[in-house]
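J.: A single structure is presented below for examination.
Rule-based calculations on the coordinates, nothing more; no lab input. Please read these numbers as outputs of a predicted model, since none were measured by experiment. Backbone-built Cβ (ideal geometry, glycine too); neighbour counts: all protein chains shown.
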Amino acid sequence: MSQFPYLSVLTFLPLIAALALIFVPAEKKNSIRYTALGVVIIQVLITVVMWMNFNFSLAGINDINGYQFIEKFDWIVLTGIPLIGTFKIEYFLGLDGLSMPMVILSSIIAFIAVISSWNIEDSTHKPNSSKGYFILLMILNTGTLGVFLALDFFMFYIFWELVLLPMYFLIGIWGGPRREYAAIKFFIYTLAGSVLILLAIIGLYLSAYESPEFKVHTFNMLNMMDAANFKPDSVMSVLNPGNFRFLAFLGLFIGFAIKIPLFPFHTWLPDAHVEAPTPISVVLAGVLLKMGGYAILRIIYPIFPEQVQEWMWWIACLGMINIVYGAYCALGQKDFKKLIAYSSVSHMGFVVLGIAALAKGGSTLGLTGGVLQMFNHGTVTAMLFLIVGVIYERTHKRGLDDFGGLSVQMPMYTGIVTLAFFAAFGLPGLSSFVSELMIFIGAFSTESIRTLTIISAIGIVMGAVYMLRALQKIFLGKPREEYNDLKDLTLREYIMFVPLAIIVIIFGIYPTPMLEIMNSSMTTLLDAVMK
Amino acid sequence: MNTQLTIFQVLIVLLPLFGFLVAILPPKSYKKMYIAEVGIMFITLVLSAVLFFMKIFSLPDETIRSTFTLFTVGGSDGFNFIVDLTMDNMTVALLFMVSLISFLVHFFSLEYMSHEPLKNRYFGYLGLFTFSMLGLLSTGSIIFIYIFWELVGLSSYLLIGFWGFKDEAASACSKAFITNRVGDFGFFLGILMLFITYNSFDLFFIFDQIGAGKFPLGSEMWLTVTGLLLFAGAVGKSAQFPLHVWLPDAMAGPTPVSALIHAATMVAAGVYMIVRLFPLFTETSFLIIGFIGGFSALMAATIALTQIDIKKILAYSTVSQLGLMVLAVGVGAYHAAIIHLLFHAFFKAGLFLGSGAIIHATHSQDINDMGGLRKKMPVTFYTTVIYSLALVGFPLTIGFLSKEMILTSSITLGSLSGNYIYFIFAVLTSTLTSFYIFRYVFLIFFGEPRNHHAYEHAHDFNIFIKLPLIVLAALCFFFIFTFNPITLHGTWLTDLIFRLPKILLPDNVTYSFLTNGAEGSIYSEVYAHTMHASEIVVTIISLLIISGGIGTAWYMYMKKKLVPKVPEGFLGKAYMFSQKAWYINELYDVTVIKGTMLFATLMTIIDKYLVDGIINLGAKITMILGRFSAGFDKYVVDGFVNLVAWINGLISMILRKFQTGKVQTYLTLVMVFIVFFVMYIFSN
């Protein structure tokens, strides 16, 4: 392990920066902002370096030799504990074709979030509140990257919870009028999910050995993916007829489904989004929602393949409900930001539909499409929330009926909006089309969920309906005089939008760079689930 | 040679995209970038003319295809997404037509849009459209047809909404896109059906497979369903009933746009698509397709009779003519459909550009503001008459040739299968067409000026307006395309340009409606014979129709000098029914649109009060439980503790009384205790 610890640096750099920022006086606004900016730029650079050194043929998933940039040490080892034996937690980070797209996404979104936080103010307009904000944002950054990189269940859980805490304060302090309600709802909802996850983790921990020979309990996820590593009479062993595997599967699934969020666990999302400040909405929709989808693929799929096979139809069904229900709810909204929030619900449904398109020896189209959709939705929805932020910052209004004819007053902004909206409902040539096409082909080829796929296709019509309705109400029609003085996009806003727009266009025309990262991992993942 | 042609084709498709970027990307201060875009369009036109002649003269029998894999999902045996560039004679002819009309529209727009501040954007969008349309024609892969299909939809959206600050343009562009998406829902599912069956998007491969008897889900019924799903896309794009409602509204866009996109090219993409997919349809599909086309044609023609907005007249006329093309496909005459598509593009684009010239001159679209314009705008007048004659199918015009083909094939179908409905649709439509288009001509160019102010200012414009009108009018004469003014059968258009490269008919599928049971290919000898025999009948009927329609229009608007107004009595109801477009928009408003919005509101309410309500209820119950346990803690648990403490306090209070500090008291107490103790012991 002589190589440079890319993953640790990537993960803990923001945390170190956060600690350092504590000692910077709050008045030094610029030092704080530039430190944060420096951190995210270094993260993007590290990601690029990793991407260039990434070995596309290695699969990862359930084979430690397939992971790259591994860092694996014993962290906490306690021997001779009664009933448990050896208690072992590892410091275990690794990267494969499933986590790489998520890491790339997190780095990009973190960068965008810092840029869009540049002039952040808390809800009471107190001066110098940005210090606490940036510290929390950096901690959040560490948390999300940790979730995507941790391969030790204990570490995973710590990072999973670490995300929660800064998010709570970021919404609760820098949020809108109902921020406290939204923050506590978000926090408790996710925490409830975390409890279920924790129970499942403990069950798995107590049942799995490091290997059949070394009877040492471990939190190593990869060990839990091999049924041979379970104590035959334990609660999680397939050999034990009275096992609790289904309950553990359910607990983990609900815990992760809350994050995605899947119907009916989605109602925290619109509230959190509406109250969160723009950059936090961007991180929330851009990265946090992906933690749920990612965790399902990383943890549930390889550890509980039988349950996944058995409940595949229901998972797809929830995806279908998300797509259609989310789309109709989006159409029913009067608040621009809530509309975008529900569009996230709808689009995350495509992810779930895609990853439920599993067939033995079938193609990986659905799975790959699902992961690609997470990436694409992350970038597109980041644009959408930034778009809401631009208009809210200028007018402090967000209702669809509060606007009209902005295309005349803000033509460049309208151009960006048009691109983002058409990207959101999957116009060919823009990134979401590729992933949605893959998901639909994958799901439609899977005979058991074909009917669900047909119903889900309503989502592609409805997507255009609610998006174009919003576009029409806000940007077309007669311009209103009250908005004659609105400034078009500023340089800082171009810096946020242009990179995302370029990503959306490039991956819409040429998605190969993303796909070659994922291909071998997805094949292995499919084999692991459908073995 | 092949590579050379392919390079040409790639250039032709990509140049307009380059033009789009050139016009749209530079900052605002570069005001003249649109001129570069027009220049690029001219190069595209020249290249496509060269490509057309090179292909026709050097490789007339070949279908030139080049493919490469854009991306792969999964391993080597995984899903390959293949870019497909295909060129046959039909492609090069249509590429030529589209770039020609596109260039003429660009040229026309230089004057028509001269007062427009956002010229760069306008011409950029035209470039984007041209790119998408040329791309749509240049591929043999169903998914690429879909991709460009959506992109033409995008450019159509942008151009209809170009004057988005007008409310009608704002709602028209959304309506156009969304209505098309409804059709695309079917199109997309059809593509999925094809893919899961044939594991390919390649149409030529799929046709081979159908020919070999491989059907979706193994049955002919599902082939019919797949075909109809794909046809749903064409219903949207080519504005056929019941998805035709977007096209008349789309007239809110600039008129040159209407000429290019909503008359000549994009709306014809649906017809092009079903011609391309011809081998995929079963007999049932054909019958349904033909019926939808015929019904749309007739319905739109009845609506066009009473419109007073000159662009609306032409819009419904377009729906009607597209309906005839769809009908032609339905009766198995794809030649007729595609040739009518080509010819219609010329005269309908001309009609629209002519109407643009009129609008540019009078600043009105209301036919009541016109009249007598023939003296003021002679070029517009003469060219419009030529276009109108072509539209009604007057002899010596191209319209005669293509319409005759449609009528002959539908009557042939009738005499072979006994099903004359398609022929009746076609005849009625043609009759109405010759009436409404000459109503248009008479009301605009003849009679007394009804709006003198507009009349005074009207004039023919400069060369930018005139040249496109004259070029298109010249193209309306038969001799440009053939030396035989009577029929196109057996000419180079039918035998060379528009023969489908491969008509592989499924062995298991019989087109009995075409062959009347005769064995062999789709066009049996019986068919050809019947076709030939009916030509003369059709010509006579056709001439009767034309003179009848034009005569009636002449009688009403020239002799009687009627002006458009609602008549009395029952006729008035019929008139309103026609003018209100059969009240279909109103019907959709109260059913589909209200229904969708209602459902959305319902979902929102359910989400807010039921789904979220349960969560909030849970939170409330938890709070109540919390209060309860807090109360329990305070009054019961803590109360018990306090009780114990209180009792202790009480006891100690009593005991305190004894703590006096006086030795005498203690001694007394000790004595009393000892006395009681001794008494106790002894009593036992």
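J.: Which is farthest toward the positive dipole end of the range A:1-300 among A:143, A:20, A:82, measuring Cα position about the Cα centre, with Cβ charges +1 (Lys, Arg) and -1 (Asp, Glu)?
T.: Selected residue: A:20.
J.: Which whole-angstrom value gives the distance between the alpha carbon centres of the range A:328-350 and the range B:210-287?
T.: Centre-to-centre (Cα) distance: 31 Å.
J.: List the residues, sorted by chain then number, that are 5 or more residues from residue B:82 or on another chain and whose placed amide H is less than 5 Å from its amide H.
T.: Close amide H contacts, sequence-distant or interchain: B:70.
J.: Hey, can you grab everything whose amide H is under 5 Å from the amide H of residue A:67? Only 5+ residues off in sequence or another chain; H modelled, so Pro and N-termini drop out.
T.: A:60
J.: While we're looking at this one, here's another question. Give, as a single signed number, the net charge of other residues whose beta carbon lies under 11 Å from the beta carbon of residue A:86, with Lys and Arg counted +1 and Asp and Glu -1.
T.: Net charge around residue A:86: 0.
J.: Rounded to the nearest 20 debye, what is the charge dipole size of the range A:350-443 about its Cα centre when +1 sits on each Lys and Arg Cβ and -1 on each Asp and Glu Cβ?
T.: Around 140 debye, computed over the range A:350-443.
J.: For the protein assembly as shown, what is the mean residue ellipticity at 222 nm derived from helices alone (per DSSP H run of n ≥ 4: -39500 (n - 2.57); sum divided by total residues; nearest 500 deg cm²/dmol)?
T.: -22000 deg cm²/dmol
J.: Arrange the peptides B:546-555, A:454-463 so that the one whose residues have, on average, the most other Cβ atoms within 10 Å appears first.
T.: Top of the packing list down: A:454-463, B:546-555.
J.: Additional query: Under a straight-distance cross-link criterion of Cα-Cα below 20 Å, which aspartates and glutamates are reachable from residue A:215, leaving out those fewer than 8 residues away in the same chain?
T.: Candidates past the 8-residue exclusion: A:63, A:74, A:90, A:152, A:226, A:233.
J.: Still on this structure: I'd like the Karplus ³J(HN,Hα) series for the range B:118-133: coefficients 6.51, -1.76, 1.60, θ = phi - 60°, whole numbers in Hz, and an x wherever there's a Gly or Pro.
T.: Ordered by residue, 3J(HN,Hα) equals 9, 4, 4, 5, 4, 5, x, 4, 4, x, 4, 4, 4, 4, 5, 5 Hz.
J.: Still on this structure, please answer the following. If you place +1 on the Cβ of every Lys and Arg and -1 on the Cβ of every Asp and Glu, how big does the dipole about the Cα centre of the range B:148-221 come out, in debye to the nearest 20?
T.: About 120 debye.
J.: In addition: Order these peptides, A:175-186, A:130-141, by their mean beta-carbon neighbour count within 10 angstrom, highest first.
T.: The most tightly packed comes first, giving A:130-141, A:175-186.
J.: Once each part is reduced to its C-alpha centroid, what is the distance from the range B:532-553 to the range B:449-474 in angstrom?
T.: 31
J.: Give a residue-ordered list of calculated ³J(HN,Hα) values for the range B:429-440 (Karplus: 6.51 cos²θ - 1.76 cosθ + 1.60, θ = phi - 60°; whole Hz; x for Gly, Pro).
T.: Those phi angles translate into 4, 4, 4, 4, 4, 5, 6, 5, 6, 7, 4, 4 Hz.
J.: Relative contact order of chain A, please, whole-number percent, based on alpha carbon pairs below 8 angstrom and at least 6 residues apart. Before the final figure, lay out each step's value.
T.: On the way: 974 pairs, mean separation 82.6, N = 531.
16 percent.
J.: While we're looking at this one, here's another question. Could you tell me which residue out of B:440, B:323, B:82 lies farthest along the dipole of the protein assembly as shown toward its positive end? Charges go on the beta carbon: Lys and Arg +1, Asp and Glu -1, centred on the Cα centre.
T.: B:440
J.: Just counting partner chain Cβ atoms within 10 Å, what average do the residues of peptide B:177-183 show around their Cβ?
T.: Working: counts 8, 7, 0, 2, 8, 3, 1.
The per-residue average across the peptide is 4.
J.: Arrange the peptides A:211-217, A:165-171, B:207-213 so that the one whose residues have, on average, the most other Cβ atoms within 10 Å appears first.
T.: A:165-171, B:207-213, A:211-217
J.: Could you work out the mean count of beta carbons from other protein chains within 10 Å of each residue's beta carbon in A:260-272? Don't skip to the answer; put the middle values down first.
T.: Numbers: counts 0, 0, 0, 2, 6, 2, 3, 9, 2, 0, 3, 2, 0.
Neighbouring Cβ atoms belonging to other protein chains average 2 per residue here.
J.: Against the longest alpha carbon principal axis of chain A, how many degrees, from 0 to 90 and to the nearest 10, is the axis of helix A:512-529 turned?
T.: With both axes taken from Cα atoms, the answer is about 40 degrees.
J.: Here's another thing I want to ask about it. Give me the extension gain from residue B:678 to residue B:115: residue separation times 0.36 nm, minus the current Cα-Cα distance, reported in nm with one decimal.
T.: Stretched fully, the residue B:678-residue B:115 segment lengthens by 189.8 nm.
J.: Still on this model: Which of the trypsin sites (Lys or Arg not before Pro) across the range A:467-502 are loop residues per DSSP, with 11 or fewer other Cβ within 10 Å?
T.: Numbers: sites: A:469, A:473, A:480, A:487, A:492; in loops: A:480, A:487.
Those satisfying the criteria are A:487.
J.: Considering the options A:524, A:430, A:452, tell which one lies farthest towards the positive end of the dipole of the range A:418-531, charges being +1 on Lys and Arg and -1 on Asp and Glu at the Cβ, about the Cα centre.
T.: Farthest towards the positive pole: A:452.
J.: Would you mind working out the magnitude of the charge dipole of the protein assembly as shown relative to its Cα centre, with +1 at each Lys and Arg C-beta and -1 at each Asp and Glu C-beta, to the nearest 20 Debye?
T.: Dipole size: approximately 2980 debye.
J.: May I pose another question? How shielded is B:77-83 by partner chains, expressed as the average number of their Cβ atoms within 10 Å of its Cβ atoms? List each step's numbers first, then the result.
T.: Numbers: counts 1, 8, 10, 0, 7, 0, 0.
Per residue, the average neighbour count from other chains is 4.
J.: According to the square roots a ≥ b ≥ c of the eigenvalues of the Cα gyration tensor, what is the shape class of the range A:5-49, taking rounded for a/c under 1.5, prolate for a/b larger than b/c otherwise, and oblate for the remainder?
T.: Because a/c hits 1.5 or more and a/b fails to exceed b/c, the range A:5-49 counts as oblate.
J.: Under a 5 Å amide H to amide H cut-off, with H placed in plane at 1.01 Å, what residues pair with residue A:220 once short-range neighbours are removed?
T.: Hits under the 5 Å cutoff: A:153.
J.: Through the Karplus equation 6.51 cos²θ - 1.76 cosθ + 1.60, θ set to phi - 60°, convert the phi angles of the range A:190-197 into ³J(HN,Hα) values in whole Hz; use x for Gly and Pro.
T.: Each residue of the range A:190-197 in turn: 5, 5, 4, x, 4, 4, 4, 4 Hz.
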